[in-house]
Amino acid sequence: MNIVHISAECYPIAKVGGLADVVGSLPKYQNNSDVLSQVIMPFYDNKFTKGNEFSIIFESKLELGSKDFEYKIVTPINNNLGFNLFLVDIPKLLYKEYVYSNDDTDRFLAFQIATLDWLLTLDAKPTLVHCHDHHTGLVPFMMLQSKKYSLLKDIPTVFTIHNAQYQGWFSHDKVSLIPKFNFENVGLLDWDGSINPLAAAIKCATRVTTVSPSYMEELKGNANGLEWLLSHESAKCVGILNGIDSEVWNPETDTYLIKNYTNGNVQSGCKENKNWLCEEFNLDVNKPLFAFIGRLVGEKGSDLFPEVFKKSLETENISILLLGSGNKEVELQLEELKSEFIGTYNAFIGYDERLSHIIYSGADFLLMPSRVEPCGLNQMYALRYGTIPIVRSIGGLKDTVIDILEEDGFGICHKEVTVSEITVAIERGVQLYKDQPKYKKIRKQIMSIDHSWNASANKYINLYKSLN
Ligand code: ADP
């Protein structure tokens with residue numbers, strides 16, 4: 001089988017969040033089986049494209065409504081990613097320093113058209129096309145409906161919803177940008193009066209997956225307007241839990257870490273990484289360190305952080321460290337908090353891959369009070385690095401973290417996203433930390449949980465095979 005994954009992000013080429021981690025690792029695991037799994041994504045102006053040489057394998061012009069854009073399909077000359085990579089280079093639209101901005105409709109529409117135009121020219125067409133999130137959500141529609149892609153219409157498509165909050169809505173005024181199709185079927189593109197690429201993908205893809213079983217269920221009640229559609233289409237939907245790339249996320253070999261370690265020396269290994277963090281961020285190494293890593297958006301509960309942190313720092317003998325960016329008002333409040341809690345709180349507002357790895361190891365607890373969490377990779381990285389997750393039981397967090405009060409439990413779970421529930425969860429962390437024998441035992445226990453792609457990659461392969 002020859003599978004192509006189409007995505008806006010893929011680690012290490014371009015990463016904004018978990019989508020990149022998944023698309024950068026799932027194909028690698030799939031290539032260990034009898035499947036050929038490849039990735040097609042945009043060619044951005046970033047470190048990866050500047051630092052690598054590429055060969056051109058196809059050149060043409062695409063039509064976006066009445067405009068023409070020249071584009072190339074390129075592939076890296078040296079590739080040790082574990083999968084074939086094809087980048088769509090549309091200099092005027094995609095070659096930007098950012099992945100997402102407010103011109104996404106035209107950019108990602110052009111990306112999808114260029115991708116399909118190129119696939120159309122291949123003698124060996126893919127056996128299955130796997131699209132990820134709304135940026136590629138019009139691919140299943142165009143393959144089925146656009147006349148120029150009729151040679152692709154029998155190829156099955158799988159569409160994975162990594163996050164249903166973002167749907168890529170745009171106005172029907174732009175419908176002419178989509179390659180010509182039978183206009184009687186325009187309803188397939190529509191949801192609530194807009195063109196909705198996520199909804200179109202749910203309607204048109206052969207199968208729809210979400211990134212955890214619980215999230216699949218939750219979407220029927222909370223999907224940013226698509227609840228009914230997801231319930232209606234539930235027969236073709238399935239939740240498959242994401243895995244992690246256990247080669248990249250391996251504390252034994254992770255080159256970002258200050259000290260590498262295994263299950264056998266987790267205490268001393270984590271301690272050295274914690275020492276570095278505390279030195280760097282002026283925190284007391286003897287206090288339990290609670291950390292957060294991620295986007296500062298409502299979904300992650302970040303608007304509550306200023307109040308939660310203040311309350312916990314006033315009542316508990318702890319340190320808090322945050323790495324993230326997003327909502328500007330929250331960023332400002334989190335910056336301002338620094339002067340109030342010198343020596344017990346610090347924050348790096350921004351994106352830093354290396355620092356994130358050191359925090360997953362050096363923190364004692366990782367906070368994830370998410371309102372919505374389709375899968376969540378952070379808790380799995382924390383587990384692998386011996387850091388105890390404190391999570392709100394929702395979506396993938398519910399599927400991967402068991403509270404310490406339950407049999408074989410190893411994390412701390414709370415039900416609601418409120419200041420009081422999060423602070424109580426932090427307090428429970430403090431109590432656990434005081435019981436060092438138990439705390440140390442859990443650290444060892446969580447490091448050996450297998451969240452690699454081994455199990456889930458096969459679930460995708462079985463799904464692909466059932467469609468061919
Ligand atoms: P989401 O995709 O919703 O942002 P996930 O938990 O699925 O959340 O994945 C988040 C990924 O992004 C993880 O690899 C996490 O380490 C990384 N990440 C998020 N914010 C930052 C940041 N500020 N600096 C470094 N890595 C980050």
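The values are calculated or read from the model by the stated rules, or taken from the named source; none is laboratory data. None of these values were measured; they are calculated from a predicted model. So basically every Cβ, Gly included, is an ideal-geometry build from the backbone, and we count neighbours across all protein chains shown. Heads up: the accessible areas ignore ligands, DNA and RNA and are worked out on the full protein's heavy atoms, side chains in. Shrake-Rupley method; radii C 1.70, N 1.55, O 1.52, S 1.80 Å.
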At a 1.4 Å probe radius, carbon and sulfur cover how many percent of the accessible area of the chain? 49
Which pairs, out of K28/K50; K236/K459; K274/K311; K47/K274; K47/K72; K338/K440, put more than 26 Å between their alpha-carbon atoms? K47/K274; K338/K440
Can you give me the angle between helix 18-30 and the longest principal axis of the chain, using Cα atoms only, in degrees from 0 to 90, rounded to the nearest 10? 70
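Taking N as the number of residues in segment 14-102, what is its Cα Rg relative to 2.2 N^0.38 Å?
On the way: Rg = 14.1 Å, N = 89, 2.2 N^0.38 = 12.1 Å.
My calculation over the Cα atoms of segment 14-102 gives 1.17.
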Testing the spin-label approximation: label points 7 Å from Cα along Cα→Cβ at N46 and K61. State their distance in nm. 3.0
Mind checking the alpha-carbon convex hull of segment 265-398 and giving the volume per residue in Å³? 95
Let me know the Kirkwood hydrodynamic radius for segment 340-414, please, with Cα pairs as the basis and the value in Å to one decimal. 13.2
Can you tell which of A425, P437, N454 lies farthest toward the positive end of the dipole of segment 423-468, using +1 and -1 charges on the Cβ of basic and acidic side chains (Lys, Arg; Asp, Glu)? P437
Between segment 234-273 and segment 312-381, what is the separation of their alpha carbon centroids in Å? 19
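Once you have the alpha carbon radius of gyration of segment 92-207, what is it after dividing by 2.2 N^0.38 Å, with N set to its residue count?
Details: Rg = 13.4 Å, N = 116, 2.2 N^0.38 = 13.4 Å.
With N residues counted in segment 92-207, Rg over 2.2 N^0.38 Å equals 1.00.
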Aspartates and glutamates near K441 by alpha-carbon distance under 16 Å, same-chain residues fewer than 8 away left out - which ones? D364, D403, E406, E407, D408
Helix-only CD estimate at 222 nm, as mean residue ellipticity for the chain, using -39500 (n - 2.57) per DSSP H run (n ≥ 4): -10500 deg cm²/dmol
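Please state, to two decimals, what the Cα-based radius of gyration of segment 79-120 comes to when divided by 2.2 N^0.38 Å (N = residues).
Rg over 2.2 N^0.38 Å, computed on Cα atoms: 1.30.
Say R0 is 35 Å: what FRET efficiency, to the nearest 0.05, do S150 and N78 get from their beta-carbon distance?
Values: r = 37 Å, r/R0 = 1.06.
It comes to 0.40.
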So the pair-distance distribution of segment 253-298, from every Cα-Cα distance in 10 Å bins, comes to percents of 24, 45, 27, 5
Reach of K180 by Cα under 20 Å, taken over lysines that are not fewer than 8 positions away in the same chain: K61, K67, K147, K148, K153, K203
So what's the angle, to the nearest 10 degrees on a 0 to 90 scale, between helix 305-315 and the longest Cα principal axis of the chain? 10
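Å³ per residue of the Cα convex hull, for segment 163-213? Each step should come with its number before you reach the end.
Details: hull volume 4.9 nm³, N = 51.
Roughly 96 Å³ of hull volume per residue.
Segment 1-160: percent of C-alpha pairs farther apart than 20 Å?
On the way: 5859 of 12720 pairs.
Roughly 46 percent, rounded to a whole number.
Starting from segment 8-92, pick out the GluC sites (Glu not before Pro) whose DSSP state is loop and whose Cβ has at most 14 other Cβ atoms within 10 Å. Intermediate values should be presented prior to the final figure.
Working: sites: E9, E53, E59, E63, E70; in loops: E9, E53.
Passing sites in segment 8-92 are E53.
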Computed over the chain, Cα set: Rg, Dmax in Å: 22.7, 69
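For segment 184-298, how big is the tail of P(r) above 25 Å, as a whole percent of Cα pairs?
Values: 3386 of 6555 pairs.
More than 25 Å apart: 52 percent of the Cα pairs in segment 184-298.
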Mind checking the angle between helix 353-362 and the chain's longest principal axis? C-alpha axes, 0 to 90 degrees, to the nearest 10. 40
Send over a whole-number figure in Å² for the accessible area per residue of the chain, probe 1.4 Å. 40
Report the dimensions of segment 373-468 along its three principal axes from the alpha-carbon atoms, largest first, rounded to Å. 54, 30, 21
State the volume of the convex hull built on the alpha-carbon positions of segment 368-412, expressed per residue in Å³ and rounded to an integer. 58
